[in-house]
Structures are given as structure tokens and as C-alpha cells.
Amino acid sequence: SGLSLRWKMMSSQLLRCRGTRPCGEAIPRTSRNQCQLRALAPARSNGTCGRSVLFVAAGKKSNARRKNKNPKRAATPEEGSAPPVPAEVEVVLSEASQSSENKLDEEIAGAIARAAGKKVDATPSATPFGQKTPIGQKTPIGKKTEAQPLPDVDRERVLDACVNTSIILAITGLLLRQFSDKAATSGWFGGAVANWNQLMPLPSHLDSETGIHLLLGVGAAAAVTAGRVALLSAWPDFKTATDTSNRQVLTPLEGLDVLQVAAYPAISEEILFRGFLLPAVGVNLAGIAVAGVVFGVLHIPGGRNPAFAAWATAVGILYGALAVYTHDLAAPMVAHAVANYASASIWRANNLAHQDGRA
């Protein structure tokens, strides 16, 4: 046909710009016989453009890439212009230019091949011309991220790990507190080490003041639980980490096992983080912040992620503020244990109801 004949006459005149323009510069749409498409070339480390731009020329080889160094003298056809582009070719290129930026290269190649009468693979590639997906590409907002499931473990292994880890953390915290008592009494380090047992005492008896502290702990646990439930529906990364970790730990448990898994880590972690680390840094905002950040960072393993660490950091800061306000560890211990038990019970009710015979 006339279109295919004219295209064969033009196809031999297609040239490619090797990306000599500065990266990020829009190729100007100055005239119809020069650059018919515009593209924003992605930046590279060497400062050159990575995406080719099609130039269409007719007749003799185009010199459109050469700049006119004398602006006062108009350019002649031999110095940079070319005869008008046939309407059929312009239509093909116009169709390609209307596509999205991500599929621009594929649409150009497909439109040219269709005009030449060639078959094109209709399957789109993941990235144009084999480019790799950019590092650090973020997941679209609201899209749930997928995490690799953790291996299944039995009930005995979960309880053993919980008890052993809790014993190690509690003994470490108690030994460090005993060291501070000895150092303060003996005047080691020039008296720079305070007695952390006195700064942040463990609960030793139940009186009216301790009862008030326990009630404050229950109130803090209610606030933590409400915040957790709200974030589970609004923060996909946080929900993914919570589901991944809870599925491994809570699935094989039975009855009162959940109470043990909630209470033992809460008590031992408060002894270490709020009973040792916080007073070691200072019973002030700095101590609260440092203990909270370390507490949060150590919650990344076990199928969790930075989103869960951020949540644990905020909760750790709350527990630290509660300890400084009450001047003992009773309130943060109760808050931590009750919040653990509440969150575990809610998760089991929502995800494991069928295992307990509930609807």
C-alpha cells in the first residue's frame, strides 16, 4: 500500500540520539520535522541520559543534533533542518507520545513495528528496555506488604524460649542493679555510678500508693491496646509484622500459656530496660528516650520489621515515662504485661477462632 511504501522509504532514515542532552532536560518540541517526541531521561552517575529519543529525518542525513553557533543567521536545510515529516509517520509517533511515561518506549517500538507491518509481542515487560527496578522503590500506599512466614514451632519450644529468654534478661538486669549498689556504696568510679535500686526500686509490698501505681499501669495498658488495634487497620507494614510474629508464637499455645508468654517477658524486660538502662542514663527525658529506642530496636527480629520497631519504641517511651512518674517499676510492669495479654487475646480471637471451636 501507499503507507507501507512511504514507511519503507522513511524507515532507513531513522536516527537515534545517543543521549547527549543534559539529564532531566525535556527535549524541546521545536518543529515537526525535528524531535517529534519528548522524554525526560533518567539521571545516571556519569551525567548522561539513559533513554534514547527518536529523531525523524527525510532525504539526506539530518544534522539536527548540531547546534547553530551563529544565532543571527537562519539555519539552512543543510545545517539542521529537514523536509516535513509525512502525516502517516507523525500519526504513529503521536499515538506513542500519548502513552504513559513508564510504557513510552514499548509504545514507540510497537507503533513503529505496526506501521512497518511487523508482529509485536503484546506482553509488556516489567521495565522498559530491560532496566532494573529502581532500588528503594516504595510499596503503593494502602497496599499490603507480604512477608515470608516463619517456620512452625510446637508449644513446648515456644514456652521454653519464653522462659529461658526471660530468665536471662531478668538475671542480667538484677546483676547490673546489684553492681550499681556495690559501686555506689564502695565509691567506685569516683561516685559516678548511682544506686539504681534506689532510683528505680522494684515493687516490694502492696500499699495504697502501690495500688494507685497498679491502676495507672492498667490505664496505660488500655491506651496501648487501643492504639495497637487502630494501627493494625491503618498501617499495613505494622499489621504484617504483627501477624507474622504472632502466628508463630501464639498459634500452638493453649489456655493459660498466653498468660505466661505475656507476663514473663514483660517483667524481665522492665527489669532490664527501665530498671537498669533508664537509671544508668538518667532518671530524666534522656534516660526515657534511650531506654525506649533500645527497647524498640531489639524488637525487630522474629519476623518483625522497622514499622513494628517504631511502635515498640513509642510504647517503651510510655513505659519509661510511667516509671519516672511513679518512681518504681510496678506500674510499667503491670502495663507491659496487661498490654501483652490483651493484644495476644485479641489476635487469637480474630485469627484462631476456628481452632478453638468458635464461630
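Do you know which residues across the range 280-298 are within 21 Å of A337 (Cα to Cα) and open to solvent by less than 30 Å² (accessible area, probe 1.4 Å)?
The answer is I288, A291, G292, F295, G296.
Residues checked against (1) among the β-branched types (V, I, T); (2) on the phi > 0 side of the Ramachandran plot; (3) touching a Leu at 6+ places or on another chain (Cβ under 8 Å):
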residue: A263; (1), (2), (3): no, no, no
residue: E269; (1), (2), (3): no, no, yes
residue: G275; (1), (2), (3): no, no, yes
residue: A289; (1), (2), (3): no, no, no
residue: R304; (1), (2), (3): no, no, no
residue: V324; (1), (2), (3): yes, no, yes
residue: A330; (1), (2), (3): no, no, yes
residue: V334; (1), (2), (3): yes, no, yes
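Take the residues in the range 323-338 that are closer than 15 Å to L169 by Cβ and among the hydrophobic types (A, V, I, L, M, F, W, C), then tell me which one is surrounded by the most Cβ atoms within 10 Å (Cβ to Cβ).
Across the range 323-338, the extreme among qualifying residues is M333.
Which of the residues belonging to the range 171-188 are closer than 21 Å to L329 by Cα and free of Cβ contacts under 8 Å to residues at least 40 places away in the same chain?
Answer for the range 171-188, where residues must be closer than 21 Å to L329 by Cα and free of Cβ contacts under 8 Å to residues at least 40 places away in the same chain: I171, L175, Q178, F179, D181, K182, A184.
Determine if the range 311-322 includes at least one residue that is more than 25 Å from T251 (Cα to Cα), touching a Lys or Arg at 6+ places or on another chain (Cβ under 8 Å), crowded, with 20+ Cβ neighbours inside 10 Å and aliphatic (A, V, I, L, M).
Checked against the condition, which is being more than 25 Å from T251 (Cα to Cα), touching a Lys or Arg at 6+ places or on another chain (Cβ under 8 Å), crowded, with 20+ Cβ neighbours inside 10 Å and aliphatic (A, V, I, L, M), the range 311-322 yields no hits at all.
Step by step: first the residues of the range 216-256, then only those that are of a type in the set (A, V, I, L, M, F, W, C) and open to solvent by less than 40 Å² (accessible area, probe 1.4 Å), then the one that is farthest from the chain's Cα centre (by Cα). Which residue is that?
Narrowing the range 216-256 to residues of a type in the set (A, V, I, L, M, F, W, C): 216, 218, 220-224, 226, 229-232, 234-235, 238, 241, 249-250, 253, 256.
Pick out the ones that are also open to solvent by less than 40 Å² (accessible area, probe 1.4 Å) and you get 220-221, 224, 238, 241, 250, 253.
Details: A220: 28, A221: 27, V224: 23, F238: 10, A241: 12, L250: 25, L253: 31 Å.
This residue is L253.
Filter the range 173-191 down to the residues that are within 41 Å of the chain's Cα centre (by Cα) and open to solvent by 60 Å² or more (accessible area, probe 1.4 Å), then identify the one that is nearest to P265 (Cα to Cα).
L174
The values are calculated or read from the model by the stated rules, or taken from the named source; none is laboratory data. Just so it is clear, the structure is predicted and the values come from calculations on it, not from any experiment. Don't worry about glycine lacking a Cβ; one is built from the backbone with ideal geometry, like all the others, and counts go over all protein chains shown. Ligands, DNA and RNA are excluded from the accessible area calculation, which covers all protein heavy atoms including side chains. Shrake-Rupley method; radii C 1.70, N 1.55, O 1.52, S 1.80 Å.
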